[in-house]
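Following: one structure in structure tokens, then a few remarks.
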Amino acid sequence: MSLPESIQNLIDEFSKLPGIGSKTASRLVFYLLNKSDQEVAGFSQAVANLSKGLQKCQICFNVSEDNPCNICNNSKRDKSKIMVVEEPLDVVAIEKTPYDGLFHVLGGAISPIDNIGPDDLRIKELIDRIKTEKGISEIILATDPSLEGEATAMYITKQIKNQNIENRIKSNIIVTRIARGLPVGGDLEYADEITLTRALEGRKEYD
Ligand SMILES: [Zn+2]
């Protein structure tokens with residue numbers, strides 16, 4: 001027996017979400033079916049309105065209601081540090097720690113299996129920032145402690161050192177990598193704030 005089309009469609013959509021298999025997707029859809037029309041409408045409206053009024057900050061590429069975002073725009077932030085992360089959720093995680101510098105959101109990590117190369121990420125934009133923004137003293141690489149995250153951190157370090165900004169970098173800017181206290185293969189966004197704070201404090205110069 002096949003399911004009614006409207007049910008199957010929604011199951012298919014839920015199944016595309018990360019971490020949701022077809023079983024969970026079916027459960028969610030039948031859960032919604034039992035809800036009142038009003039509740040379902042509220043849910044679908046929230047999905048439909050998700051990206052309204054949101055934009056990417058043109059400096060750090062974090063998702064924000066303002067451009068530049070309220071981190072780039074905050075004069076109290078320490079503008080000598082730029083922390084490089086994969087996703088906006090990583091910013092949310094780091095914001096729970098005492099870190100008060102700036103961010104740069106790559107939009108993912110280098111992953112040949114998923115066909116994601118350096119050009120698909122905001123790496124060139126990072127190099128441009130390093131070249132143009134004044135007073136930067138440290139680039140903190142906080143990509144995930146996974147194969148992809150490590151490959152991305154290595155690639156960025158190479159880029160920074162290979163560029164003709166090399167001389168400026170050598171004298172003024174150090175590149176650090178957050179400490180390995182984080183579980184290998186893990187996701188930065190799921191790390192608790194104590195682990196994150198320790199990983200940050202234990203960061204080392206990265207070569
Ligand atoms: Zn920003």
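The values are calculated or read from the model by the stated rules, or taken from the named source; none is laboratory data. The shown structure was predicted, so the numbers you read here are calculated from the model rather than taken from an experiment. Glycine gets a Cβ as well: all are built from the backbone with ideal geometry, and neighbour counts include every protein chain shown.
Could you give every pair whose Cβ atoms fall below 7 Å, whose first residue belongs to the range 64-81 and is over 20 Å from residue 132 (Cα atoms) and of a type outside the set (Phe, Trp, Tyr), and whose second residue is within 9 Å of the ligand (Cβ to nearest atom) and in a loop (DSSP other than H, G, I, E, B), counting only separations of at least 6 or pairs across chains?
Here the result reads 64/57; 64/70; 66/73, each pair linking the range 64-81 to a residue that is within 9 Å of the ligand (Cβ to nearest atom) and in a loop (DSSP other than H, G, I, E, B).
So residue 124 ticks every box in (1) away from the ligand (no atom under 16 Å from the Cβ); (2) in contact (Cβ under 8 Å) with a residue 24 or more places away in the chain; (3) more than 22 Å from residue 202 (Cα to Cα); (4) assigned to a helix (DSSP H, G or I) but one. Which box is left unticked?
(2)
Looking at 87, 39 in this structure, which one is without any contact (Cβ under 8 Å) to a residue 40 or more places away in the chain and either of a type outside the set (Lys, Arg) or touching an Asp or Glu at 6+ places or on another chain (Cβ under 9 Å) (or both)?
The conditions single out 39.
Being loosely packed, with under 15 Cβ neighbours inside 10 Å and aliphatic (A, V, I, L, M) is the filter here, so list the residues in the range 90-134 that pass it.
92, 113
Right, residue 136: within 16 Å of the ligand (Cβ to nearest atom), touching a residue at least 12 places away in the same chain (Cβ under 8 Å) and part of a loop (DSSP other than H, G, I, E, B) or not?
yes
Here is a check on your reading of the model: is residue 143 touching a residue at least 60 places away in the same chain (Cβ under 8 Å), away from the ligand (no atom under 15 Å from the Cβ) and surrounded by 12 or more Cβ atoms within 10 Å (Cβ to Cβ)?
no
Which residue is farthest from residue 108 (Cα to Cα), if the candidates are limited to the range 45-64 and must be within 16 Å of the ligand (Cβ to nearest atom) and β-branched (Val, Ile, Thr)?
59
Of all the residues that make up the range 43-81, how many are among the aromatic types (Phe, Trp, Tyr) and closer than 25 Å to residue 14 by Cα?
Qualifying residue count, the range 43-81: 1.
Restricting to the range 65-83, and then to whatever is part of a loop (DSSP other than H, G, I, E, B) and among the basic types (Lys, Arg), can you tell me which residue is nearest to the ligand (Cβ to nearest atom)?
Taking the candidates together, the pick is 77.
Would it be correct to say that residue 13 is within 30 Å of residue 106 (Cα to Cα), within 16 Å of the ligand (Cβ to nearest atom) and of a type outside the set (A, V, I, L, M)?
When the stated conditions are applied, residue 13 does not pass them.
State all residues of the range 13-45 that are among the charged types (D, E, K, R) and either in contact with a Lys or Arg (Cβ under 7 Å, 6 or more places away or on another chain) or not in a helix (DSSP H, G or I) (or both); if no residue qualifies, say none.
16, 35 - these are the residues of the range 13-45 that are among the charged types (D, E, K, R) and either in contact with a Lys or Arg (Cβ under 7 Å, 6 or more places away or on another chain) or not in a helix (DSSP H, G or I) (or both).
Can you find a residue in the range 12-23 that is surrounded by fewer than 14 Cβ atoms within 10 Å (Cβ to Cβ), more than 27 Å from the chain's Cα centre (by Cα) and closer than 30 Å to residue 190 by Cβ?
Looking for residues that are surrounded by fewer than 14 Cβ atoms within 10 Å (Cβ to Cβ), more than 27 Å from the chain's Cα centre (by Cα) and closer than 30 Å to residue 190 by Cβ, one finds at least one in the range 12-23, hence yes.
How many residues, within the range 91-111, are at pLDDT below 95 and charged (D, E, K, R)?
Here the count works out to 1.
What residue, of 109, 93, is closer than 19 Å to residue 146 by Cα, outside any loop (DSSP other than H, G, I, E, B), away from the ligand (no atom under 16 Å from the Cβ) and touching a residue at least 24 places away in the same chain (Cβ under 8 Å)?
So the residue among 109, 93 that is closer than 19 Å to residue 146 by Cα, outside any loop (DSSP other than H, G, I, E, B), away from the ligand (no atom under 16 Å from the Cβ) and touching a residue at least 24 places away in the same chain (Cβ under 8 Å) is 93.
Which one of these does residue 72 not meet: (1) more than 18 Å from the chain's Cα centre (by Cα); (2) at pLDDT 95 or above?
(1)
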